[in-house]
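As structure tokens, the structure follows; a few thoughts come after it.
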Amino acid sequence: MFLTFEGIDGSGKSTQARLLAETLRAEGRDVVLTREPGGSPGAEEIRKLLVSGDPDRWSPETEILLFTAARRDHLEKTILPALAAGRIVVSDRFADSTRVYQGAALADLRGLVDRLHAEVIGREPDLTFVIDMPPDKALARGLARRSGEDRFEDMGGAFQERLRAGFRALAAEAPGRVRLIDGDRAADAVAEDIRAALAAVLA
Ligand code: TMP
């Protein structure tokens with residue numbers, strides 16, 4: 001099973017991905033917890049080019065190519081081998097991030113994102129959790145971390161508002177696969193909802 005977490009910067013999705021992986025492991029399941037951009041040595045190299053530096057360092061088109069190159073390597077080296085071995089893959093971000101960040105919020109390039117995805121990725125998660133959060137709270141949390149990976153946070157509050165709208169639209173577009181989770185609550189309450197949604201799908 002291939003599960004992904006999505007949301008705006010600082011939404012708490014990385015915490016939720018980790019909590020779900022821990023819960024599944026405690027139940028005796030074999031889980032690979034991974035992330036994008038990154039998740040394989042080559043894709044982690046590409047990540048460095050994408051998450052730091054000037055906000056206008058790349059054009060949206062170049063960014064789509066870099067994220068897609070990183071995703072292809074992640075898919076080949078990490079995701080597909082793990083799924084073939086019967087493991088559960090939990091990824092902190094995947095293709096929906098490109099659909100929303102580069103395809104809708106940063107530029108109107110969803111057509112290009114979709115064509116490239118069909119050509120070189122061609123794989124959707126079985127289930128995706130979008131952690132929905134008000135951008136002001138999420139941005140404060142994201143920037144407070146001062147991770148040195150703040151290129152997208154530095155694009156500002158209006159950008160994060162467009163991202164939130166994009167993720168909500170995506171959940172409406174693919175209701176079977178994408179579940180919208182209210183992330184503006186204690187982490188354990190959010191985690192409980194996610195576990196319940198997954199249990200319903202597994203049943
Ligand atoms: P992270 O903070 O969740 O590790 O993600 C790094 C940044 O990269 C985040 O601001 C979202 C952005 N991103 C895109 O713009 N497009 C993508 O396809 C992915 C995977 C991430």
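The values are calculated or read from the model by the stated rules, or taken from the named source; none is laboratory data. In this text, all values refer to a predicted model and were calculated from it rather than measured experimentally. A quick note on method: Cβ atoms are made from the backbone with ideal geometry, for glycine too, and the neighbour counts reach across all protein chains shown.
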Those residues of segment 23-37 that are more than 9 Å from Asp92 (Cβ to Cβ) and within 16 Å of the ligand (Cβ to nearest atom) come to a total of 1
Would you mention how many residues in segment 6-56 are in a helix (DSSP H, G or I), crowded, with 16+ Cβ neighbours inside 10 Å and small (Gly, Ala, Ser)?
5
Can you pull out the helices (runs of 4 or more DSSP H) entirely within segment 126-203 that have at least 1 residues that are within 13 Å of the ligand (Cβ to nearest atom), aliphatic (A, V, I, L, M) and under 28 Å from Leu24 (Cβ atoms)?
135-144, 157-173
In the list Arg72, Arg87, which residue meets the criterion of being at pLDDT 95 or above and more than 18 Å from the chain's Cα centre (by Cα)?
Arg87
Consider Thr78 against the criteria (1) within 13 Å of the ligand (Cβ to nearest atom); (2) of a type in the set (Val, Ile, Thr); (3) touching a Gly at 6+ places or on another chain (Cβ under 6 Å): it satisfies all of them except one. Which criterion is unmet?
(1)
From the list Ser11, Ser40, Ser52, which residue is under 23 Å from Glu149 (Cα atoms), of a type in the set (S, T, N, Q) and at pLDDT 95 or above?
Ser40
Scanning segment 57-110 for residues that are assigned to a helix (DSSP H, G or I) and of a type in the set (Ser, Thr, Tyr), the one surrounded by the fewest Cβ atoms within 10 Å (Cβ to Cβ) turns out to be Thr62
